[in-house]
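Undergrad: Here's a structure for you.
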Amino acid sequence: MLGGKKGGRVLVPLCGKTRDIEYLLMCGYQVVGVELNQHAVEALFIALGLTPNVTNVGGFTLYRAANIDLFVGDIFALSSELVGAVDGIYDRAALVALPFEMRKRYSSHLIDMTCGAPQLLVIYTYEQALMDGPPFSISCDEVELHYSENYCVNQLDSRDAPGGIRGKISAIESAWLLIKSD
């Protein structure tokens, strides 16, 4: 996936209770995530059939089990020291969850916190006037705006989003690979 390192650590920002974490674990990755909603993290561990060790670390509640560390708290307060080394970032629902004013701050924080780790980014593009987000519509130009200063930005795929947004609005889903530029 990101750098191809089997057993590598993948950061899943604003992870919620995504089942993508289960897939990453099955592929042999170690997962570190951050989520504001404690109930979502608890629901994820129940769905995974795991009983986490729960501790307080640096102002966060840390849920830990084999190959998975999930921090509950504000992503903007999470530091590289707490997260540790990261081999890649899987952003399938974080950037699109944030309003425009927060996205630049988020992308900069993620780059700083992970020392520019490679990213797999999934976004949606649709007519924003038809619906309030989240998810918010993000254009190709906005991806470039947030990431091109630090990464080589490559669109991998683009297609109609199955079911559209909330089953109401047609949208394009696109996947991007962001690799640190030299």
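Undergrad: Being in contact with a Leu (Cβ under 7 Å, 6 or more places away or on another chain) and aromatic (Phe, Trp, Tyr) is the filter here, so list the residues in the range 65-112 that pass it.
TA: 71, 90, 106
Undergrad: Identify, please: which residue in the range 149-175 is surrounded by 13 or more Cβ atoms within 10 Å (Cβ to Cβ) and either charged (D, E, K, R) or outside any strand (DSSP E or B) (or both) and is, among those, nearest to the chain's Cα centre (by Cα)? So that I can check it myself, show each step before the final result.
TA: Of the residues in the range 149-175, the ones surrounded by 13 or more Cβ atoms within 10 Å (Cβ to Cβ) are 150-153, 155, 158, 161, 164-165, 169, 171-175.
Those left that are additionally either charged (D, E, K, R) or outside any strand (DSSP E or B) (or both): 150, 161, 164, 171, 173.
Working: 150: 17, 161: 18, 164: 20, 171: 20, 173: 15 Å.
Step by step, filter the range 149-175, then rank; the result is 173.
Undergrad: What tally of residues in the range 140-159 results from selecting those that are acidic (Asp, Glu) and within 17 Å of residue 92 (Cβ to Cβ)? Lay out the reasoning, then the answer.
TA: Taking the range 140-159 and keeping what is acidic (Asp, Glu), we get 141-142, 144, 149, 157.
Those left that are additionally within 17 Å of residue 92 (Cβ to Cβ): 142, 157.
Total satisfying the criteria: 2.
Undergrad: On the basis of being surrounded by fewer than 16 Cβ atoms within 10 Å (Cβ to Cβ) and within 18 Å of residue 111 (Cβ to Cβ), does residue 180 make the cut?
TA: So residue 180 fits the description; yes.
Undergrad: Quick check on residue 97: is it under 20 Å from residue 15 (Cα atoms) and buried (at least 21 other Cβ atoms within 10 Å of the Cβ)? Reasoning before the result, please.
TA: Values: under 20 Å from residue 15 (Cα atoms): yes; buried (at least 21 other Cβ atoms within 10 Å of the Cβ): no.
For residue 97, the condition - under 20 Å from residue 15 (Cα atoms) and buried (at least 21 other Cβ atoms within 10 Å of the Cβ) - is not met.
Undergrad: Please pick out the residue among 11, 110, 24 that is closer than 30 Å to residue 131 by Cα, out of contact with any Pro (no Cβ under 9 Å at 6 or more places or on another chain) and open to solvent by less than 10 Å² (accessible area, probe 1.4 Å).
TA: Details: 110 fails: out of contact with any Pro (no Cβ under 9 Å at 6 or more places or on another chain); 24 fails: closer than 30 Å to residue 131 by Cα.
Checking each option against the conditions leaves just 11.
Undergrad: Continuing with the same structure: Please give the helices (runs of 4 or more DSSP H) falling wholly within the range 1-110 in which 1 or more residues are within 30 Å of residue 166 (Cβ to Cβ) and within 18 Å of the chain's Cα centre (by Cα). It would help to see each step written out before you state the result.
TA: On the way: elements: 20-26, 38-48, 80-83.
Per the criteria, 20-26, 38-48.
Undergrad: So is residue 124 modelled with pLDDT of 95 or more, under 18 Å from residue 16 (Cβ atoms) and in a strand (DSSP E or B) or not? Walk me through how you get there before you give the answer.
TA: On the way: modelled with pLDDT of 95 or more: yes; under 18 Å from residue 16 (Cβ atoms): yes; in a strand (DSSP E or B): yes.
Answer is yes for this residue.
Undergrad: For the range 38-51, indicate whether the set of residues that are open to solvent by 30 Å² or more (accessible area, probe 1.4 Å), farther than 26 Å from residue 123 by Cβ and of a type in the set (Asp, Glu) is non-empty.
TA: Within the range 38-51, one or more residues are open to solvent by 30 Å² or more (accessible area, probe 1.4 Å), farther than 26 Å from residue 123 by Cβ and of a type in the set (Asp, Glu).
Undergrad: What pairs come out if I take residues in the range 51-70 that are touching a residue at least 40 places away in the same chain (Cβ under 8 Å) and pair them with residues that are open to solvent by 80 Å² or more (accessible area, probe 1.4 Å) and in a strand (DSSP E or B) whose C-beta lies under 8 Å away, six or more apart or interchain?
TA: 70/64
Undergrad: Also: Take the residues in the range 115-143 that are within 12 Å of the chain's Cα centre (by Cα) and among the β-branched types (Val, Ile, Thr); name whichever of them is surrounded by the most Cβ atoms within 10 Å (Cβ to Cβ).
TA: Residue satisfying both the conditions and the ranking: 123.
Undergrad: Got a number for residues in the range 144-169 being over 18 Å from residue 107 (Cβ atoms) and either touching a helix residue (DSSP H, G or I) at 6+ places or on another chain (Cβ under 8 Å) or of a type in the set (D, E, K, R) (or both)?
TA: Looking only at that region, the number is 6.
The values are calculated or read from the model by the stated rules, or taken from the named source; none is laboratory data. Predicted model, so just to flag it, every value in this text is computed and none were measured. FYI the Cβ positions are ideal-geometry reconstructions off the backbone, even for glycines, and counts take in every protein chain you see. All accessible areas refer to the heavy atoms of the entire protein, side chains included, with ligands and DNA or RNA removed. Shrake-Rupley method; radii C 1.70, N 1.55, O 1.52, S 1.80 Å.
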